[in-house]
Structures are given as C-alpha cells and as structure tokens.
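A short write-up of the structure that comes next.
The values are calculated or read from the model by the stated rules, or taken from the named source; none is laboratory data. For clarity, every value in this text was computed on a predicted model and none was experimentally measured. Glycine also receives a Cβ, built like all others from the backbone with ideal geometry; neighbour counts cover every protein chain displayed.
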Amino acid sequence: MSRLLYNTLKLLRPRQWIKNFAIFAAITFKGQLFEPSVFLRVSIAFIIFCMLSSAIYIINDIFDVKRDRLHPFKRFRPLAHKDLSVEYALALAMCLLFVSFWVGFFVNPTFFLLTIAYFLLQVSYTVFLKHIVILDILAIASGYILRVYAGEFASGLHISVWLLLTTISISLLLAAGKRRSELTLLLGNPNTKIEITRKSLSRYSERLLDVYASIFATSTFISYSLFTFLENESGFKLSIGVLMPDFLPSFFQKKWLMITILPVVYGLMRYLEDVYERHEGESPERVLLSDKPLLTSVLLWILLVIAIIYYVGP
C-alpha cells in the first residue's frame, strides 16, 4: 500500500506545482495578497491548476511511456518503470480533470474557459507540438503565461503590461534553457538516439539554443527593469511616504522596486550557469530547489517585493 502511494505521488509530480505559484503574481503586485477574500479565490485557482497540471503530466506519461523507457532518466518514472498500470494512471487523470473543471466552473466563467484553454494547449503539446521545432518552446512558455492570466481572472485584477512582458520573456528563457539542457544531456549519452526520445531536439543546435537563451535573458532583464521603474503606487496601502510625508524627500518615496533588479539579475546569471556549466536546466523546478544560491536569490526577491509593496511603497 505504501509503495502504491509513493508511486502515485511520484506520478502526480508535486514538485511541478511550484510553477503554479505564478498564479499569485497579480494579487501580489496589486497589493491584494493579504485581502482574505481575494487570497481565497486565487488559492482555489492554485489548487485547481495543481490538479490540472498533475492530470496533464499523467496523460503525457501515458503517451510517452515507450519513449521514456529509452531515456536515461525518464525510464524510472512509474509508468515507464511499470510500477503503476496505465489503466490506473488514466483513471486517476480523469478524476483530477473532472474535479478541476467542476470547481473551476464555480470560480468564474472566464477562469473556467482559461482552464480549458490550458488543458487543450498541454494536450496539444503532448500529442504533437513538442515534436515541432520552435513551436515546442512557445508551447512550454505559453503554459507559464496562462498561469499568470489564471491569477488575473480568478482575482479580477490586472497586472502591468511590463510585468506581463517579463513573464513572457522569462517563460521563453526557461523553455529554451530546458531544451538546451535536454540536448546537452542526450548528446552526452551515446546510447540514446535524440530523434527517438525527442524529435524536435534533432532540429536544434546548441548554438541556436544559446542565441535563444541570450535573447530571452536580455529581454527579461530589460522588461523587468522597465516594470520596476514605471510602476506607480496605485493600490498600495501602507507606505513610509504616507506615515512620514514631511520627513522624507520625494525621491526616497519612489522607485524602490528597482532594488529588486539586483536579485533578478543574479538569478538570471545563476540559472544560465546551471544550464551551461552544471547542465541542470532540464527541469527548472528541480534546479530551483537544488541550487541554494538560486533559491536564496528567489526568496530574497520575494521578500523585497512584499516589503516594498506593502510597507515601503514602490
């Protein structure tokens, strides 16, 4: 029984749920993170996406079970390793999908339609998009972007266009880094044929993926820097400028979010180091949890953002 639970949990891939925290972006940057009713709605959306993403990963494993058995690492997944049956996995996926769509319908109609769009995108990726060069990277990135929109639709708040551009850029960077690490891994394993395990990788060169990563890392830095510079104080409640308007020069009351550029730049540089020097970008969430300096920079960024938005003022 314990073995069944362990393999089921492994099949669900809870580590992947980290990506769903992007759903909280809208309420965080709009100063509504600690509003109970808004936080509850977005938390429900987060749980829905966790169930939905697990169901999609199960479907992906069912489709790729034969290819995964030829992969140096994926062959240890529960279905590829025959620890669980395909019938059991399919039944679990259907249950998760039913609950996700049923609960999502009661959040609001727009959010419900987005969950359907997210599901269709991921299924399309599983079936054919991941085998098409360039479109596979765009599909991976779109999954991150839809998570941010899910937080918008669930909360009814809208994020800055510059923050949205940042999301698009970093999503493309993570997708390109993922493909670069996968290619490096397979090229370093002479017993694995790239065209069998991942068709699109045979169409990429390391140099091309390096160019992609450079473009997207640069655009992430530029768009986030512009976001921090252009963000206004609308929606923020408690600031030093409000408490002590006569004691602080006006320039001290503005642009504090630009401080958060430092951990962002460090995080970008560290992630690129993970991809190119440690060859560990295949799974962004695993990189985040295993690389302590990168994790520290992300946590520092989160703390700075919350402190500035909710206590200092941008």
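Points to keep in mind about this one:
- Here the condition is being in contact with a helix residue (DSSP H, G or I) (Cβ under 6 Å, 6 or more places away or on another chain) and over 15 Å from Val65 (Cβ atoms); of Leu84, Leu138, Leu129, Leu79, it holds for Leu129 alone.
- Some residue of segment 110-133 being surrounded by 22 or more Cβ atoms within 10 Å (Cβ to Cβ) and over 19 Å from the mean Cα position of the chain (by Cα): no
- For segment 99-109, the set of residues classified as within 21 Å of the chain's Cα centre (by Cα) and not hydrophobic (A, V, I, L, M, F, W, C) consists of Ser100, Gly104, listed by residue number.
- Among the candidates Val133, Val123, residue that is outside any helix (DSSP H, G or I), within 30 Å of Leu201 (Cα to Cα) and β-branched (Val, Ile, Thr): Val133
- Candidate set from segment 33-76 (those that are among the polar types (S, T, N, Q) and crowded, with 19+ Cβ neighbours inside 10 Å); member that is nearest to Arg147 (Cα to Cα): Ser53
- Unmet criterion (only one of (1) within 19 Å of Leu70 (Cβ to Cβ); (2) modelled with pLDDT of 95 or more) for Thr218: (1)
- Test: residue in segment 85-98 that is out of contact with any Cys (no Cβ under 9 Å at 6 or more places or on another chain), among the charged types (D, E, K, R) and touching a residue at least 12 places away in the same chain (Cβ under 8 Å): no
- Elements of the type helices (runs of 4 or more DSSP H) sitting completely within segment 1-98 and holding at least 1 residues that are under 16 Å from the mean Cα position of the chain (by Cα): these cover 25-29, 36-63.
Here's the yes/no breakdown for (1) out of contact with any Ser or Thr (no Cβ under 7 Å at 6 or more places or on another chain); (2) within 30 Å of Ser181 (Cα to Cα):
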position: Ile58; (1), (2): yes, yes
position: Phe63; (1), (2): no, yes
position: Asp68; (1), (2): yes, yes
position: Arg75; (1), (2): yes, yes
position: Ala80; (1), (2): yes, yes
position: Val86; (1), (2): yes, yes
position: Phe106; (1), (2): yes, no
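- Index of the failed condition, Gly241 passing every other in (1) modelled with pLDDT under 90; (2) over 23 Å from Val305 (Cα atoms): (2)
- Among (1) surrounded by 14 or more Cβ atoms within 10 Å (Cβ to Cβ); (2) out of contact with any Pro (no Cβ under 7 Å at 6 or more places or on another chain); (3) not in a helix (DSSP H, G or I) - the single one Gly104 does not satisfy: (3)
- Criterion (in contact with a Lys or Arg (Cβ under 8 Å, 6 or more places away or on another chain) and among the small types (Gly, Ala, Ser)) met by exactly one of Ala141, Ala154: Ala154
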